[in-house]
Amino acid sequence: MSLTKEQMIKLYRNLIRAHEYDTTMYRRMMSGRLIGFYHPGEGAMAPGVAAHTIMRDGDYTFPHHRAHGMAAMVSREMDIKRYLAEHTGKQGGCCEGRSSFHGSFPEKGLFMYSGYIGAQFSPAVGWGWAAKRNGRSQISFCGAGDGGFGQGRAHEAMLMSQNWKLPVIFWCENNGLAIYGDAAEMHPTEDISSLAQGYGMPAMVIDGQDLFACAEAAVAAFEHAREGKGPVFVELKTCRYHEHDIGTPDLRGDVQRSEEEIAELRDRDPVLLATKRVLDEGILSQDEIDQIKAQAKQEVEDNWNWADAQPIAQPTEEELMAAVFAP
Ligand SMILES: Cc1ncc(C[n+]2csc(CCOP(=O)(O)OP(=O)(O)O)c2C)c(N)n1
Ligand SMILES: [Mg+2]
């Protein structure tokens, strides 16, 4: 299966944009210009960009939490300045400054992520059920990490989706770590996708550093789901260059990850690999690449300038209570 030139350019542009948002968040946090949490995505942006660029408007998505869903927001063309405002507690934020770093765009079907790892599995099945019934060929995308797929509800979700042949995509961004936990110690098999095969679900293992391989996997998986053939499990082998969230120690178990290990990971950097491919195949020239990078920088700067200029959100008690769900 091959991607069109137009798709490859769009994928490349979105990867560069997502990378620029992510690294700007990192720099702002490190220089004291951003408070709260940030879970850096450098090294791990290709899977999220690929899936959300291939997705259609109207599809439902629960993106993986890494880089706070930047890959998804960028690729689904959300108004990202509303997320930047949200993260900084400003008016005009996508949740009116009430969510800290948990932004959401429910009106666009982007439910982003909860503070509770694995919370997305049950609602993703629900949206999959809705998608099957409404006949609009939508998919319900359920992104999570290797850690998330250790949750019991992940398995209930796989069982029900496969049993009812729901158009749910289980998208596992396996970076081998869950905070300090080593995936090799937390899962019985090297490929987490082999667990899905136990439910009779088709599964694939993809190089998560290769943007275009991730996109080809998304095309195949989404098509399968849209045709009413049921869920698919896609496991993307990826990594992270930084600590889990800025400021925590960068350990595997109780051992510090070494500089050599990170340098080796950077040799297979997704931006590096994608740039080489578009140049080698004559998809983009060096000038066009430079232009895409300059445009991405400008976009990020403009959006931050807007967010920085917004006043602090001061919701009234009534507005705060309206956002609380209590059965
Ligand atoms: C139910 C629950 N348990 C624990 C945590 C703390 N926690 C936050 S992120 C995380 C690791 C998630 O790992 P993974 O799903 O592999 O994603 P990654 O951060 O590696 O991208 C944990 C344990 C949580 N937020 N919710
Ligand atoms: Mg992980």
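Listed here are the residues, each with its yes/no results for (1) in contact with a Cys (Cβ under 9 Å, 6 or more places away or on another chain); (2) more than 28 Å from L265 (Cα to Cα); (3) within 16 Å of ligand 1 (Cβ to nearest atom).
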| site | (1), (2), (3) |
| --- | --- |
| K10 | no, no, no |
| A44 | yes, no, yes |
| R66 | no, no, yes |
| R82 | yes, yes, no |
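Given the structure, is P202 more than 16 Å from ligand 1 (Cβ to nearest atom) and either among the β-branched types (V, I, T) or buried (at least 24 other Cβ atoms within 10 Å of the Cβ) (or both)? Please lay out each step first, then the result.
Values: more than 16 Å from ligand 1 (Cβ to nearest atom): yes; either among the β-branched types (V, I, T) or buried (at least 24 other Cβ atoms within 10 Å of the Cβ) (or both): no.
No, not satisfied.
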Legend entry - Residue under evaluation K276, criteria (1) touching a helix residue (DSSP H, G or I) at 6+ places or on another chain (Cβ under 9 Å); (2) under 14 Å from M8 (Cβ atoms), criterion not met: (1)
Inset, instruction - Output the helices (runs of 4 or more DSSP H) that fall wholly within segment 1-119 and possess 1 or more residues being crowded, with 22+ Cβ neighbours inside 10 Å and polar (S, T, N, Q), or say none. - result: 5-30, 46-54, 70-75
Legend entry - Residue satisfying all of: in segment 156-190; more than 18 Å from R66 (Cβ to Cβ) and charged (D, E, K, R); nearest to ligand 1 (Cβ to nearest atom) among these: E185
Legend entry - Among the candidates P106, P63, P123, residue that is within 25 Å of M321 (Cβ to Cβ) and at pLDDT 95 or above: P123
Inset, instruction - For segment 254-273, state whether one or more residues are on the phi < 0 side of the Ramachandran plot, touching an Asp or Glu at 6+ places or on another chain (Cβ under 9 Å) and small (G, A, S). - result: no
Legend entry - Count of segment 104-147 residues which are within 16 Å of ligand 2 (Cβ to nearest atom), among the small types (G, A, S) and in contact with an Asp or Glu (Cβ under 9 Å, 6 or more places away or on another chain): 3
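Taking G152, is it over 19 Å from A119 (Cα atoms), of a type outside the set (A, V, I, L, M, F, W, C) and within 16 Å of ligand 1 (Cβ to nearest atom)?
Details: over 19 Å from A119 (Cα atoms): no; of a type outside the set (A, V, I, L, M, F, W, C): yes; within 16 Å of ligand 1 (Cβ to nearest atom): yes.
For G152, the condition - over 19 Å from A119 (Cα atoms), of a type outside the set (A, V, I, L, M, F, W, C) and within 16 Å of ligand 1 (Cβ to nearest atom) - is not met.
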Inset, instruction - Write out, first by first residue and then by second, each pair whose Cβ atoms fall under 6 Å of each other, whose residues are 6+ apart or on separate chains, and whose first residue, in segment 136-154, is in a strand (DSSP E or B) while the second is acidic (D, E) and within 12 Å of ligand 2 (Cβ to nearest atom). - result: G145/E173
Inset, instruction - Take the residues in segment 155-205 that are in contact (Cβ under 8 Å) with a residue 60 or more places away in the chain and among the hydroxyl-bearing types (S, T, Y), then tell me which one is nearest to ligand 2 (Cβ to nearest atom). - result: Y180
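For segment 162-187, which residues satisfy the criterion of being within 25 Å of D59 (Cα to Cα) and over 20 Å from the mean Cα position of the chain (by Cα)? Before the answer, list the steps.
Step one: filter segment 162-187 for residues within 25 Å of D59 (Cα to Cα), giving 162-174.
Matches in segment 162-187: Q162, N163, W164, K165, L166.
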Inset, instruction - From the list T53, T23, pick out the single residue that is away from ligand 1 (no atom under 16 Å from the Cβ) and in contact with an Asp or Glu (Cβ under 7 Å, 6 or more places away or on another chain). - result: T23
Inset, instruction - Scan segment 145-164 and give yes if some residue there is touching a strand residue (DSSP E or B) at 6+ places or on another chain (Cβ under 8 Å), of a type in the set (G, A, S), surrounded by fewer than 24 Cβ atoms within 10 Å (Cβ to Cβ) and on the phi > 0 side of the Ramachandran plot, otherwise no. - result: no
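Residues in segment 229-249: is at least one hydrophobic (A, V, I, L, M, F, W, C), in contact with an Asp or Glu (Cβ under 7 Å, 6 or more places away or on another chain) and under 15 Å from F170 (Cβ atoms)?
Within segment 229-249, one or more residues are hydrophobic (A, V, I, L, M, F, W, C), in contact with an Asp or Glu (Cβ under 7 Å, 6 or more places away or on another chain) and under 15 Å from F170 (Cβ atoms).
The values are calculated or read from the model by the stated rules, or taken from the named source; none is laboratory data. Being a predicted model, the structure only gives us computed values, none of them experimental. Positions of Cβ are backbone-derived with ideal geometry, glycine not excepted, and every protein chain shown enters the neighbour counts.
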